[in-house]
Amino acid sequence: MAKSAILSSASTSPASDDLPPLDHHDSYQKLSSMMGPPKTIPNRNIGNQPQRENKPIPSQQFLSPTNGIGHALNDTPLSTAPSSPQIHPSVSKTGTPKSRATTLDIPGLTRSKVSPDGRIAQRDVGSKLVLVMVGLPARGKSYIVKKIARYLNWMQHDCKIFNVGNLRRMAAGGGQTQTDASLEGKLRASVRRLSLARGRPSSIIDHNDLLPPPAITTQIMVNGEVQGNVFEEVEQHAQHIPSQPKHTLPAPEHMDQDANFFDPENARASQIREQVALETLDELLDYVLNQGGSVGILDATNSTLERRKTIMTHIRERTGSELNVLFLESLCFDENLLESNMRLKLSGPDYKDKDPVEALADFKKRVKMYEKKYVPLGEYEERHSMPYLQMIDVGRKVVSHQIRGFLQIILSTYLLNFNLAPRQIWLTRHGESMDNVHGKIGGDSSLSPAGVRYAKALTRFITEERAAWEQRQVEKQQNCHWPPRPGDTTPPNPEYTRQSTGQEKNFCVWTSMLKRSIETVQFFSEDDFDIKQMRMLDELNAGDMEGMTYEEVKTKFADQYALRKLDKLHYRYPGPGGEGYLDIINRLQKVIIEVERMTDHVLLVGHRSITRVLLAYFKGLGREDISDLDVPLGVVYMLEPKPYGVDFKAYRYNPSTDWFDYVPDFELRRATNPQPY
């Protein structure tokens, strides 16, 4: 799939702007002052040191340096790139402000005093990121953020999605019943507090309609004495609003969340949406600032310039200018893609159990409501040096502006490799090896006779499944209807329609560079399959323990055996070439990017640690499950990317039939008695 990235910089020409600039973030000059003085070639200014006057240096100084080092002769032009972003509030031992550069943090590969494990330190706010989604409904925003969160968490950067729509349904009394009473109480308290703070709205919300106070009484104490209930005093001041019983939390007043709820002229609904958005943003900021999060994603339309200004102002009021904010807009012009996205919306919580034709008409009306005041990213953000990305047709084209910082670069690279092409991703371990027979870890042995038999069966099975998949795609396309019929919510894949040429899709087979993996695919035909060996897929290197049995490791390296058992994820084998699971994650990053980019089928024949880490990515597993995941020999895993996630199936090799049995309702689990490898 063709893609392009458009890099642009902020305009430096003055322009009249009838829109007020953002507080704390309104000019390129102010940003430049945050970066420190520019660098010069003979005299490089570092950090916030006073910049010396750049006077010409006499030629004799170059010939007879007085400092014993000399001056570097360099005709390189002055750099126009900003230096590393800096964090300002830290103070040196002498009490003077000290700026610290915020560079990359990679768990397992970097280490510092404040971040011994390589994760972004709690105090390094300047290294963290808030990602704000922008776009009309049915533009794939939720699909994009779920993939981003899965990728960042797999890379060990703590990331969490905060969906405004979920809280909006709860605040307006729609959607599913919430079981988290504390979250419900917090939301209602916030909506009530914001309503009171703004004063009595004219013909918008009657005070009798305000949501009830929180279930937990809030008190002020002076010199140890209770001074009364805060909310009761505010209520009395606000025209004696009737209070609700403190021991119960009645359900909110129900509001139909049809298209009229999203009309910008519906002032009461607009205020509810605005309040819920700010409450969601506050939860996000608490996660990033106080709960150890590295990236918080605000998943909402944020389609108006006013909403985005409010978001930026709110963030700057709470965090100052340190916290990085990146806007990501999803635009869709492909009609087939829009149709696919709309079908998914019809099966969502807003239209559950409703007639699909009526639901489709209402959803299209809702989109029209948003379009009334929709302002795409672009001119305003560029005038104010605000970083943003635009994804067009979910990766067909990507526009980037002022991307800076390690996390932003990771995201932009990942987004450049998105595609919706229908395809299958197959994972399996190699066939049984001679080292498996003898219980040895690592090594580079050949397959056992049973392993050779597995290799032959695997070739037949994959060949048959490949043909069956092609037939299913043809039948699915023929039975697709638009508008959808009752019960028909499965979207057609726009990429299949675009790429359908009557030819069978390519199928790649990737192995490691170890014998047992290479020999497992020896019966695949080079004419029908594209076979490649990758060192990134090699098994985890056990260092000094390569080729040993588990009992030998336990006897000869008792301390290491116990240490690894305590924390396998962060453990690294001692000795030349020794690796850990974090090393595997980092070397598989290139493989993941390539799998996301390609539109062909692929079979990856790896090893225990490789299969664990790959499954953890595609299934979005927690870091506590990666190193102990049960991935036995003889199991093939199939993953098929979908607009709503990943279809997952497992097949187990049956030696008695020499074939693979489908395992219904298969669930990944941790090994009951995990070995230390």
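The values are calculated or read from the model by the stated rules, or taken from the named source; none is laboratory data. Not measured: the values here are computed from a predicted model. Backbone-built Cβ (ideal geometry, glycine too); neighbour counts: all protein chains shown.
Some observations on this one:
- Taking the criterion of being in contact with a strand residue (DSSP E or B) (Cβ under 9 Å, 6 or more places away or on another chain) and in a loop (DSSP other than H, G, I, E, B), the residues of region 389-405 that qualify are D393, V394, Q402, I403, R404, G405.
- Any hit, region 511-533, residues being surrounded by fewer than 14 Cβ atoms within 10 Å (Cβ to Cβ), β-branched (V, I, T) and in the same structural domain as R466 (by TED's automatic domain parsing): no
- Members of region 611-651 that are β-branched (V, I, T), surrounded by 20 or more Cβ atoms within 10 Å (Cβ to Cβ) and over 23 Å from the mean Cα position of the chain (by Cα): V631, V636
- For region 547-571, filtering for residues that are touching a residue at least 60 places away in the same chain (Cβ under 8 Å) and in contact with a Leu (Cβ under 8 Å, 6 or more places away or on another chain) leaves 1.
- Hits in region 503-561 (condition: among the acidic types (D, E), touching a Ser or Thr at 6+ places or on another chain (Cβ under 8 Å) and not in a helix (DSSP H, G or I)): D528, D538, E539
- Only one entry of D435, D444 meets the criterion of being in a loop (DSSP other than H, G, I, E, B) and touching a residue at least 12 places away in the same chain (Cβ under 8 Å), and that entry is D444.
- Any hit, region 402-413, residues being at pLDDT 95 or above and hydroxyl-bearing (S, T, Y): no
- Restricting attention to region 316-328, the residues being crowded, with 17+ Cβ neighbours inside 10 Å and farther than 16 Å from S385 by Cα number 1.
- Screening K397 with (1) within 30 Å of E306 (Cβ to Cβ); (2) of a type outside the set (D, E); (3) touching a residue at least 40 places away in the same chain (Cβ under 8 Å); (4) in contact with a Phe, Trp or Tyr (Cβ under 9 Å, 6 or more places away or on another chain) gives one miss only, at (4).
- Within region 617-633, residues that are under 16 Å from F666 (Cα atoms) and free of Cβ contacts under 8 Å to residues at least 40 places away in the same chain have Cβ atoms under 9 Å from residues that are crowded, with 17+ Cβ neighbours inside 10 Å and polar (S, T, N, Q) in no pair, counting only partners at least 6 apart in sequence or on another chain.
- Just one of (1) surrounded by fewer than 18 Cβ atoms within 10 Å (Cβ to Cβ); (2) at pLDDT 95 or above fails for N673. It is (2).
- Where a residue in region 472-485 is modelled with pLDDT under 70 and its partner, wherever it lies, is of a type in the set (A, V, I, L, M), with Cβ under 6 Å and at least six apart: P483/V357; P483/L360
- When we screen G451, G439 for residues that are at pLDDT 75 or above, buried (at least 16 other Cβ atoms within 10 Å of the Cβ) and in the same structural domain as E552 (by TED's automatic domain parsing), the only hit is G451.
- Candidates V591, V605, filtered to the one that is touching a strand residue (DSSP E or B) at 6+ places or on another chain (Cβ under 6 Å) and at pLDDT 95 or above: V605
- Residue count for region 599-610, restricted to those that are of a type in the set (S, T, Y) and surrounded by 23 or more Cβ atoms within 10 Å (Cβ to Cβ): 1.
- The lone exception for V591 - which of (1) touching a Pro at 6+ places or on another chain (Cβ under 9 Å); (2) more than 30 Å from L338 (Cβ to Cβ) it fails: (1)
- Among residues of region 310-325 that are of a type in the set (D, E), none has a Cβ under 6 angstrom from a residue that is outside any helix (DSSP H, G or I) and surrounded by 15 or more Cβ atoms within 10 Å (Cβ to Cβ) at a sequence gap of 6+ or on a separate chain.
- Residues in region 354-384 that are surrounded by 20 or more Cβ atoms within 10 Å (Cβ to Cβ) and under 17 Å from L326 (Cα atoms): L377, E381, R383, H384.
- Residue, nearest to the chain's Cα centre (by Cα), within region 539-598, restricted to residues that are surrounded by fewer than 19 Cβ atoms within 10 Å (Cβ to Cβ) and among the hydroxyl-bearing types (S, T, Y): Y561
- Within the set R111, R139, the sole residue that is touching a Gly at 6+ places or on another chain (Cβ under 9 Å) and more than 15 Å from Y414 (Cα to Cα) turns out to be R111.
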